[in-house]
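Heads up, the thing below is written out as C-alpha cells.
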Amino acid sequence: MKMQAISIPSKAKPAKAISLRRRLPGNPKVWVGAAILVCLGLAAAFPGLLGAGDPYLLDVENRLAPVSAAHPLGTDSLGRDLYTLALYGARVSLVVGFACAVLAAILGAFVGLLSASVRWLDPIIMRILDGILAIPAIMFAILLVAVAGGSLQNVIIAVTFIEVPPVARLVRSVALSLRERPFVEAAVAAGSGLPRIIVFYFVPGIMAPLLVQATFIWAAAMMIEAALSFIGAGAPPSTPSWGNIMSAGRSLWQIKPMLIFVPAVMLFVTVMAVNLLGDGLRQWLDPRRKRQRP
C-alpha cells in the first residue's frame, strides 16, 4: 500500500502567529495615537537629546528674538527659548493627564464596585456622586488653588476628584449587568464569597470600558490643566507648561504669534492622539465586534 504525502499550502501560517495577529488591535487609530504619544513621551523625557537647553535660562538681551539657529522657534518676552519651553511643557501635560487618568480609574473602579456589590450603600454613594457631578471641574480647581495655593499636585487632585464620579457610574453599570449573568449566579450558588466574585468576575469585565474611559480622562485632564494655567489657577507661572506659555504670550500675540501658536498646536496634537487611542481601543474592545469576527 503506497503512502501519499500530504501537501501543506505555502500560505499556511502557524497557529500562534494567527492568534497573535487576532489579539493585536488592527484599528489604525490605535497605532497612530500610540505612535504620537510615544514620540511626545520620549521628547518630554529626554529633551536634551533633541537640543533643548535650560527652560529657566533667561536671555534678556534676546527677548522676543525671531527664529534662528540658536533659537529654532525664537524666544519669549523673558528671553527663554520657546523650543525648550514647548518640550518641557509636554512633560507637564503628559504627567498631569496620565496621573489624573490612573488615579480616577482606580478610585472610580473601587467606588463603582463597592456601590454595585453592597446594595444598602448603593443609593448613598449614588447621591454623593450626583452632588460631585454638579460641581464644574474648573470652579473646584480654582477654589482648591485659592485655599491651598497653586501647584500641579492641587490640579491633579481637583481633576481626579471631578473625574471619579463618571468612572464610578460606568463601573457600577457594568458590574450590575454582570451580577445578573448566569455564571455569576452559579458562582453565588456554589458558595463563592463577595471578594472572590469581585476579583474573578467583576474586575475582568470592567477592564475594557475602564481602559477606554481612562484615555478620555487623560485628554480632558490635559485640557483642564492648560486652561487653569492660562488663567493663573494651575501650575506656578515659573513652571514651563503649555498653559503658562500661552498665558505669558496672550498680550504679545500680535507681535509674536508663535507664543500662542506653538503650545496650542502641541496641545491639540497631544489631545488628538489620546482621543484617537481611546476611540480605537473602544472599537477594538467592543464585544459586538468580537461576536462578528469570523
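The values are calculated or read from the model by the stated rules, or taken from the named source; none is laboratory data. Note that the structure is a prediction, hence the values are computed from the model and not measured. For neighbour counting, all protein chains shown are included, and Cβ atoms are generated from backbone atoms with ideal geometry for every residue, glycine included.
So the values come out like this:
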quantity	calculated
Any hit, region 134-141, residues being farther than 22 Å from ILE206 by Cα, outside any helix (DSSP H, G or I) and out of contact with any Phe, Trp or Tyr (no Cβ under 9 Å at 6 or more places or on another chain)	yes
Of all residues making up region 112-139, the number that are among the β-branched types (Val, Ile, Thr), touching a Leu at 6+ places or on another chain (Cβ under 9 Å) and at pLDDT 90 or above	1
Residue within region 101-114 that is more than 22 Å from the chain's Cα centre (by Cα) and assigned to a helix (DSSP H, G or I) present	yes
Given (1) of a type outside the set (Ser, Thr, Tyr); (2) more than 25 Å from ILE156 (Cα to Cα); (3) buried (at least 20 other Cβ atoms within 10 Å of the Cβ), index of the condition ALA214 fails	(2)
Residue check, VAL274 among the aliphatic types (A, V, I, L, M), in contact with a Phe, Trp or Tyr (Cβ under 7 Å, 6 or more places away or on another chain) and at pLDDT 85 or above	yes
Residue within region 80-96 that is in a loop (DSSP other than H, G, I, E, B) and either free of Cβ contacts under 8 Å to residues at least 24 places away in the same chain or within 20 Å of LEU152 (Cβ to Cβ) (or both) present	yes
Count of residues meeting criterion [crowded, with 19+ Cβ neighbours inside 10 Å and either modelled with pLDDT under 80 or more than 17 Å from LEU129 (Cβ to Cβ) (or both)] in region 153-177	3
Qualifying positions in region 228-257 - aliphatic (A, V, I, L, M) and either buried (at least 23 other Cβ atoms within 10 Å of the Cβ) or outside any helix (DSSP H, G or I) (or both)	LEU228, ILE231, ALA233, ALA235, ILE245, ILE255
Failed criterion for LEU57 (all others in (1) surrounded by 15 or more Cβ atoms within 10 Å (Cβ to Cβ); (2) under 21 Å from ALA248 (Cβ atoms); (3) modelled with pLDDT under 85 hold)	(1)
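Matching residues to (1) surrounded by fewer than 24 Cβ atoms within 10 Å (Cβ to Cβ); (2) in contact with a Ser or Thr (Cβ under 8 Å, 6 or more places away or on another chain):
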position	(1), (2)
PRO66	yes, no
THR75	no, no
LEU103	yes, yes
LEU107	yes, yes
SER117	yes, no
